[in-house]
Amino acid sequence: MTHASDATKAWVSAVPKVNADGNVIEWRCRYKYTLNAYSHTFEKSEKIEPPSKAPAAYTQAELLTLMDKDHWDDMFNKKYAGSIASTPVETTDNSFDVSSLSAS
């Protein structure tokens, strides 16, 4: 399973821009992924050519397809993996005696 498939997803907003006929000419969407304490909100605008339907005629699934949800899933997987990656442990040895090293 991927991180994106385990994440909780929620619409933040979907804002249509319409022409004089009331048909959508552009969608501006924001969609949030949350997994454990990590969350990320993606946003994208997509022009609709040709404009053919009113905002209420769209489904959430259509909007996710327009916004390229597969890409968002992939990006969330990468961002989440980076957020949980272990940082290397570094230790300073202040008691190291340099005189114990060979001179040559």
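A short reminder: the numbers here are calculations on the coordinates, not readings from a lab. For clarity, every value in this text was computed on a predicted model and none was experimentally measured. Every residue, glycine among them, receives a Cβ derived from its backbone with ideal geometry; neighbour counts consider all protein chains shown.
Among the residues of region 1-49, the one identified as among the hydrophobic types (A, V, I, L, M, F, W, C), in contact (Cβ under 8 Å) with a residue 40 or more places away in the chain and out of contact with any Phe, Trp or Tyr (no Cβ under 7 Å at 6 or more places or on another chain) is Trp27.
Test each condition in (1) under 14 Å from the mean Cα position of the chain (by Cα); (2) charged (D, E, K, R); (3) within 15 Å of Trp11 (Cα to Cα) for Asp74 and report the one that comes out false. Every condition holds for Asp74 apart from (3).
Suppose we filter Ser102, Ser86, Ser52, Ser95 for residues that are under 27 Å from the mean Cα position of the chain (by Cα), loosely packed, with under 12 Cβ neighbours inside 10 Å and outside any helix (DSSP H, G or I); which single one remains? Being under 27 Å from the mean Cα position of the chain (by Cα), loosely packed, with under 12 Cβ neighbours inside 10 Å and outside any helix (DSSP H, G or I) holds for just one of Ser102, Ser86, Ser52, Ser95, which is Ser86.
Just one residue in the set Asp74, Asp68 is surrounded by 10 or more Cβ atoms within 10 Å (Cβ to Cβ), touching a strand residue (DSSP E or B) at 6+ places or on another chain (Cβ under 9 Å) and in contact (Cβ under 8 Å) with a residue 12 or more places away in the chain; that residue is Asp68. Residues in region 1-49 that are surrounded by 14 or more Cβ atoms within 10 Å (Cβ to Cβ) and among the small types (Gly, Ala, Ser) were compared, and the one that is nearest to Met75 (Cα to Cα) is Ala4.
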